[in-house]
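**Q** Questions regarding the structure given below will be posed in turn.
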């Protein structure tokens, strides 16, 4: 079993903040980039773009559906619009417009949903988006991204701008553990293998990537050889890396800060069923809405921690042996 360096949690900035920084950098080199926000620019961190490029920033008010349609119109006119709000607002309130004005005509709209998942904490369930990935993936033609840290967010914002077609990008509120270096490169549709192993594969996205690396350390200490893969692209999935993990380790655990029904796990299970069926376990929010609380308290209560992922991995390995 190969020796690997234990994962040490070092928090960087929140992925929403990294989005805001990347947007300003992008605006400086590409005059076609424009931004729409729904009266939340300080929270979504589009305020920096608004300050530097006031003529390319459109404040749409508390009207996400209209904002999406405006953004789609700008895309139809040749601009590269980034529209941003909390995920629960832009995806739930704007879904019809996303479908009719962006997905169906396949316009070049970039949608950034911040404050995703339950880790927004004290804001409570009305603002916790636990279905945004499934909604975004259900839109035909959409590419769906979910970066794990600030460096992957910055690179994928640039990749999204260069990509022709509609894109949804998921961002979080709290500071995210650093997974990558600034030199790391990312490609839409390609997953990142962060640790090699032969007994079980931990697949994750967003904040749960760091938790999966911590779970890997727990499992390796027990003699369970563990592979870890970051899915920063939820759609299209990296089918090749999924099929390889399924056939080579025979057990997969998928972890996400999202409803287990309809999220990354369901999409990976479809690929596994089509390529190399194997034992699978799923870590996610289980058919419920969360409540108001501290981010750490909520992640603990709803079982989105390394200890929960490690437990699921042990079950998967045990089932594989039967």
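The values are calculated or read from the model by the stated rules, or taken from the named source; none is laboratory data. This is a predicted model, so every value here is computed, not measured. Because the Cβ atoms are built from the backbone with ideal geometry, glycine has one as well, and the counts that use them run over all protein chains shown.
**Q** I'm trying to understand the selection: among the residues of the range 64-87, which are out of contact with any strand residue (DSSP E or B) (no Cβ under 9 Å at 6 or more places or on another chain) and either closer than 13 Å to residue 165 by Cα or not assigned by TED's automatic domain parsing to the domain that holds residue 168 (or both)?
**A** Selection gives 76, 78.
**Q** Also, I was wondering about something else. Would you check if residue 93 is touching a strand residue (DSSP E or B) at 6+ places or on another chain (Cβ under 6 Å), touching a residue at least 24 places away in the same chain (Cβ under 8 Å), more than 21 Å from residue 190 (Cβ to Cβ) and surrounded by fewer than 24 Cβ atoms within 10 Å (Cβ to Cβ)?
**A** Answer is no for this residue.
**Q** While we're here: Filter the range 136-166 down to residues that are out of contact with any helix residue (DSSP H, G or I) (no Cβ under 8 Å at 6 or more places or on another chain) and under 14 Å from residue 102 (Cα atoms) and give me whichever is surrounded by the fewest Cβ atoms within 10 Å (Cβ to Cβ).
**A** 164
**Q** Another question, then. Do we find that residue 90 is in contact with a helix residue (DSSP H, G or I) (Cβ under 9 Å, 6 or more places away or on another chain), in a helix (DSSP H, G or I) and closer than 29 Å to residue 182 by Cβ in this structure?
**A** Yes, satisfied.
**Q** Here's a follow-up. Any chance you could count how many residues in the range 69-81 are under 20 Å from residue 27 (Cβ atoms) and surrounded by 16 or more Cβ atoms within 10 Å (Cβ to Cβ)?
**A** Number of matching residues: 8.
**Q** Confirm whether residue 251 is within 21 Å of residue 148 (Cα to Cα), buried (at least 20 other Cβ atoms within 10 Å of the Cβ) and touching a helix residue (DSSP H, G or I) at 6+ places or on another chain (Cβ under 6 Å).
**A** Here the answer is no, as residue 251 does not meet what is asked.
**Q** Test residue 82 against the criterion of being more than 23 Å from the chain's Cα centre (by Cα), within 22 Å of residue 17 (Cβ to Cβ) and not in a helix (DSSP H, G or I), and give yes or no.
**A** Values: more than 23 Å from the chain's Cα centre (by Cα): no; within 22 Å of residue 17 (Cβ to Cβ): yes; not in a helix (DSSP H, G or I): yes.
In short, no.
**Q** Condition first: surrounded by fewer than 23 Cβ atoms within 10 Å (Cβ to Cβ) and within 21 Å of residue 207 (Cβ to Cβ). Can you find one or more residues in the range 60-68 that meet it?
**A** If we filter the range 60-68 for residues that are surrounded by fewer than 23 Cβ atoms within 10 Å (Cβ to Cβ), which is where we start, we get 60-63, 65-66.
Going one step further and asking which of them are within 21 Å of residue 207 (Cβ to Cβ), we end up with none.
No: the range 60-68 contains no residue that is surrounded by fewer than 23 Cβ atoms within 10 Å (Cβ to Cβ) and within 21 Å of residue 207 (Cβ to Cβ).
**Q** Considering each of 162, 136 in turn, give the residue that is outside the structural domain of residue 257 (by TED's automatic domain parsing) and more than 15 Å from the chain's Cα centre (by Cα).
**A** Values: 136 fails: more than 15 Å from the chain's Cα centre (by Cα).
Going through 162, 136 in turn, just one is outside the structural domain of residue 257 (by TED's automatic domain parsing) and more than 15 Å from the chain's Cα centre (by Cα): 162.
**Q** Give the residue, chosen from 212, 198, that is touching a strand residue (DSSP E or B) at 6+ places or on another chain (Cβ under 8 Å), in a loop (DSSP other than H, G, I, E, B) and not assigned by TED's automatic domain parsing to the domain that holds residue 23.
**A** After ruling out the rest, the residue left standing is 198.
**Q** Would you mind finding the one in 122, 150, 187 that is at pLDDT 95 or above and over 17 Å from residue 238 (Cβ atoms)? Full working, then the answer.
**A** Numbers: 122 fails: at pLDDT 95 or above; 187 fails: over 17 Å from residue 238 (Cβ atoms).
150 is the lone residue from the list that is at pLDDT 95 or above and over 17 Å from residue 238 (Cβ atoms).
**Q** Out of all the residues in the range 14-42, which are outside any loop (DSSP other than H, G, I, E, B) and either surrounded by fewer than 17 Cβ atoms within 10 Å (Cβ to Cβ) or modelled with pLDDT under 95 (or both)? Talk me through it step by step, then tell me what you get.
**A** Taking the range 14-42 and keeping what is outside any loop (DSSP other than H, G, I, E, B), we get 14-29, 33-37, 41-42.
25, 28, 29, 42 - these are the residues of the range 14-42 that are outside any loop (DSSP other than H, G, I, E, B) and either surrounded by fewer than 17 Cβ atoms within 10 Å (Cβ to Cβ) or modelled with pLDDT under 95 (or both).
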